[in-house]
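The values are calculated or read from the model by the stated rules, or taken from the named source; none is laboratory data. Because the structure is a prediction, the values reported are computed rather than measured. When we count neighbours, we look across all protein chains shown, and the Cβ atoms used for this are built from the backbone with ideal geometry, even at glycine.
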Amino acid sequence: MATVAAIVDQHRKEILELWEEEARKAASARGLTRPALINLMPEYLSSLAQASDQELGQYTGRRRALVEHHLSSRLRQGFDLAEI
């Protein structure tokens with residue numbers, strides 16, 4: 001059975017494309033360039049792909065920093081919490 005990390009690694013491009021499609025539906029996403037919208041998502045997916053099964057549920061270290069940075073960036077861009 002494949003691990004979550006292996007699945008994320010194998011399907012990274014598809015995950016990112018589907019995430020971007022959904023993220024574009026947020027009203028606050030209008031006018032954002034692709035790099036601004038995607039933000040840290042590729043790096044976050046990489047962190048998931050490199051994590052052990054035990055680490056996946058833990059939001060500490062680098063993964064926590066990425067989530068916090070993404071959240072603060074989105075709030076500064078005018079997103080509501082519900083859109084993030």
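Tell me, yes or no, whether the stretch 28-36 has at least one residue that is β-branched (Val, Ile, Thr), surrounded by 13 or more Cβ atoms within 10 Å (Cβ to Cβ) and within 18 Å of His70 (Cβ to Cβ). No, the conditions are met nowhere in the stretch 28-36.
Here Tyr59, Tyr44 are screened, and the one residue that is at pLDDT below 90 and of a type outside the set (Val, Ile, Thr) is Tyr59.
Looking at the stretch 17-36, is at least one residue among the charged types (D, E, K, R) and in contact with a Phe, Trp or Tyr (Cβ under 9 Å, 6 or more places away or on another chain)? Among the residues of the stretch 17-36, not one is among the charged types (D, E, K, R) and in contact with a Phe, Trp or Tyr (Cβ under 9 Å, 6 or more places away or on another chain), which makes the answer no. Considering only residues that are within 20 Å of Val8 (Cβ to Cβ), among the hydroxyl-bearing types (Ser, Thr, Tyr) and exposed (fewer than 14 other Cβ atoms within 10 Å of the Cβ), which ones fall in the stretch 37-73? Residues satisfying the conditions are Ser52, Tyr59, Thr60. Only helices (runs of 4 or more DSSP H) whose full extent lies in the stretch 1-83 are considered here, and the ones with at least 2 residues that are of a type outside the set (A, V, I, L, M, F, W, C) and in contact with a Leu (Cβ under 9 Å, 6 or more places away or on another chain) are 12-23, 41-50, 61-76. Residues in the stretch 2-28 that are under 29 Å from Arg76 (Cβ atoms) and in contact (Cβ under 8 Å) with a residue 12 or more places away in the chain: Val8, Arg12, Ile15, Leu16, Trp19, Glu20, Ala23, Arg24, Ala26, Ala27, Ser28. Residues in the stretch 22-52 that are within 14 Å of Glu83 (Cα to Cα) and of a type in the set (Gly, Ala, Ser): Ala23, Ala26, Ala27, Ser28, Ala29.
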